[in-house]
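S.K.: Provided herewith is a single structure, encoded as structure tokens, for subsequent inquiry.
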Amino acid sequence: MHADDPNKNVEDWVTGDERATGPQLSYLHTLAREAEEEVPEGLTKAQASQMIDRLRQASPRTAEQPRPQTTADGDAPGR
């Protein structure tokens with residue numbers, strides 16, 4: 001995969017062990033609320049991304065929709 005590919009494996013993210021970003025946490029809290037789950041404190045970018053993927057797959061509202069595109073930093077392109 002290309003080094004700048006936002007869809008590369010989270011284990012390969014250079015910044016994956018940094019704290020989750022604001023946009024990641026906001027989206028994660030929305031998905032967790034719908035799934036009646038708690039968001040653990042202190043998530044890394046990689047952990048937040050994995051939890052987002054899991055909750056999206058389990059949600060009837062988002063399971064069939066493509067994931068919002070983000071960069072490896074967890075931000076939307078152009079931000």
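S.K.: If you go through the range 40-79 one residue at a time, how many are at pLDDT 75 or above and surrounded by fewer than 17 Cβ atoms within 10 Å (Cβ to Cβ)?
M.R.: Of the residues in that region, 11 qualify.
S.K.: Right, next: Looking at (1) at pLDDT 95 or above; (2) assigned to a loop (DSSP other than H, G, I, E, B), find the lone condition where P6 falls short.
M.R.: Condition not satisfied by P6: (1).
S.K.: Let me ask you something else. Across the range 30-59, what is the total count of residues that are touching a helix residue (DSSP H, G or I) at 6+ places or on another chain (Cβ under 6 Å) and farther than 24 Å from K8 by Cβ?
M.R.: 1
S.K.: Do the conditions hold for E11, that is, is it at pLDDT below 95, part of a helix (DSSP H, G or I) and at negative phi?
M.R.: Yes, satisfied.
S.K.: Are there any pairs with C-beta distances below 9 angstrom linking a residue in the range 51-70 that is over 13 Å from L28 (Cα atoms) to a residue that is modelled with pLDDT under 65 and surrounded by 10 or more Cβ atoms within 10 Å (Cβ to Cβ), with the two at least 6 apart or on different chains, and if so which?
M.R.: That search, which allows pairs on different chains as well, returns Q69/P6; Q69/A76; T70/P6; T70/A76.
S.K.: Please name all residue pairs, on different chains or six or more residues apart, with Cβ atoms under 8 Å, provided the first residue is in the range 19-32 and is free of Cβ contacts under 8 Å to residues at least 40 places away in the same chain and the second residue is of a type in the set (S, T, N, Q).
M.R.: As it stands, the answer is R19/T44; L31/S59; L31/T62, since those pairs meet every condition given.
S.K.: Just checking, how many residues over the range 14-29 are in contact with a helix residue (DSSP H, G or I) (Cβ under 9 Å, 6 or more places away or on another chain), small (G, A, S) and modelled with pLDDT of 95 or more?
M.R.: 1
The values are calculated or read from the model by the stated rules, or taken from the named source; none is laboratory data. On a predicted model such as this, the values are computed, not experimentally measured, just so you know. Ideal geometry is used to build each Cβ from the backbone, glycine not excepted, and the neighbour counts take in all protein chains shown.
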